[in-house]
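Quick notes on the structure that follows.
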Amino acid sequence: MKGMGGRRIILTGASEGIGRALALALAAAKARLVLAARDASRLESLARECRAAGGEAHAVPTDVANAQDCEWLIAEAMRALGGIDVLVNNAGITMWSRFDALADLEVFERLLEVNYLAPVRLTALALPHLKESKGLMVAVASLAGLTGVPERTAYAGSKHALVGFCDSLRIELAGSGVDVSVVAPDFVVTETHKRAIGPDGQPLGESPMQQLKIMTAAECAARIIRGMEKRERLVLMTARGRLGRWLKLVAPSMIDRIAARAIRDRR
């Protein structure tokens, strides 16, 4: 998949953060985009920016946790683009709390619905079209989908589920022409951190991260696009992420300490 020019791409979680940066970068590469997110006004504003950047962009307000919205999104993408080359499952929510401090375990259900079940649902709907185009499904997971992370139990659980689904689906699709790519960013500057669900079930309201010391959304988007072009199986972005893959096998207690320090230092 050399270059994104002319590629027909569905991108969820497009209105901010990694999704917004990815939309603008793909538009500059002359991709044909269907942008999905809940905030209709922000989504339409982004679509205008994408068109100004040289891409084709269609805004489809979508709540990925709603099954009917997912069906509508795929139908609108087919109507607007005539096919699907890439599905980017990027929409996600997060949490920040020790497990034993949570007031209500409903947060686990909420994160599973958005971070795991929604990508599964969208992939099922898009798969016949991806088979026709011999396309690509991209799942924006996290390093928390590859190793445990304290204070992120519900988030890590949902991302582990997503990675497991993708790895299993990849095997099933061998020989079909459809590839599955898992993206596992480290911490990235996004507004998602501000809306992380705290121990009381409410958004934190401000990012707990040291924003100046973590990867920008634009840097993350550029790395994702390189991975899309190469149809990479797993996209890792930092030395910590690459090292962690091996340490988990040979020194698991060390990777636990690294994860604990990352949360303690907020970077």
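Values in this text are rule-based calculations from the coordinates and carry no lab data. Keep in mind that what you see is a predicted model, and the values were worked out from it rather than measured. Here the Cβ is made from the backbone with ideal geometry for all residues, glycine too, and neighbour counts use every protein chain on show.
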What is the calculated FRET efficiency for residue 264 to residue 45, with r their C-beta to C-beta distance and R₀ = 41 Å, to the nearest 0.05? 0.65
When the charge dipole of region 161-267 is computed with +1 at the Cβ of Lys and Arg and -1 at the Cβ of Asp and Glu, the Cα pointing farthest to the positive end, of 221, 258, 201, is that of 258
Beyond 21 Å, what percent of the Cα pairs of region 110-236 remain? 44
Cα-only Debye scattering, the chain: base-10 log of I(q)/I(0) at q = 0.07, 0.08, 0.12, 0.15 Å⁻¹: -0.23, -0.30, -0.68, -1.09
To the nearest 10 degrees, the tilt of helix 17-28 (Cα long axis) against the first principal axis of the alpha carbons of the chain is 30
What Rg and what Dmax come out for region 151-192 when only alpha-carbon atoms are used, in angstroms? 13.3, 40
Any chance you could get the radius of gyration and Dmax over the Cα atoms of region 28-120, in Å? 15.9, 49
Would you kindly derive the ³J(HN,Hα) couplings of region 215-221 from the backbone phi angles with the Karplus curve 6.51 cos²θ - 1.76 cosθ + 1.60 (θ = phi - 60°), listing them in order in whole Hz, with x for Gly and Pro? 4, 7, 5, 5, 5, 4, 4
Region 237-244 - phi-based ³J(HN,Hα) in whole Hz, Karplus 6.51/-1.76/1.60, Gly and Pro as x: 10, 9, 4, 4, x, 5, 5, x
Using only the C-alpha atoms of region 162-267, find the volume of their convex hull and express it per residue in Å³. 137
Considering amide H positions built from the backbone, and no H for Pro or chain starts, which residues 5 or more places from residue 138, or on another chain, come under 5 Å of its amide H? 87, 88, 89, 181
What per residue convex hull volume, in Å³, do the alpha-carbon atoms of region 83-123 yield? 60
Two pseudo-spin positions, 7 Å from Cα along C-beta at residue 216 and at residue 251, lie apart in nanometres by 3.3
Long-range HN-HN contacts of residue 235 with modeled amide H, under 5 Å: 182, 183, 184
Hey, could you grab the Kirkwood Rh for region 48-170? Inverse mean 1/r over distinct alpha carbon pairs, Å, one decimal. 15.7
Compute the convex hull volume of the Cα atoms of region 113-157, divide it by the residue count, and report the result per residue in Å³ as a whole number. 66
Would you mind telling me the antiparallel percentage of the DSSP bridges in the chain, rounded to 5? 5
Region 1-48 and region 107-162: distance between their alpha carbon centers, rounded to Å: 19
How about residue 131: which aspartates and glutamates have a C-alpha closer than 14 Å to its C-alpha, ignoring those fewer than 8 places off in the same chain? 85, 172, 179
Go ahead and estimate [θ] at 222 nm for the chain from helices alone: -39,500 (n - 2.57) per DSSP H run with n ≥ 4, summed, over the residue count, rounded to 500. -15000 deg cm²/dmol
Quick one: which residues, 5 or more positions from residue 34 or on another chain, have an amide H under 5 Å from its amide H? H modelled 1.01 Å from N in the peptide plane, none for Pro or chain starts. 9, 10, 11, 58
I need to check one value: relative contact order of region 63-162, counting alpha carbon pairs closer than 8 Å and at least 6 residues apart, in percent. 38
Could you tell me the calculated FRET efficiency between residue 78 and residue 113, based on Cβ-Cβ distance and R0 = 41 angstrom, to the nearest 0.05? 0.95
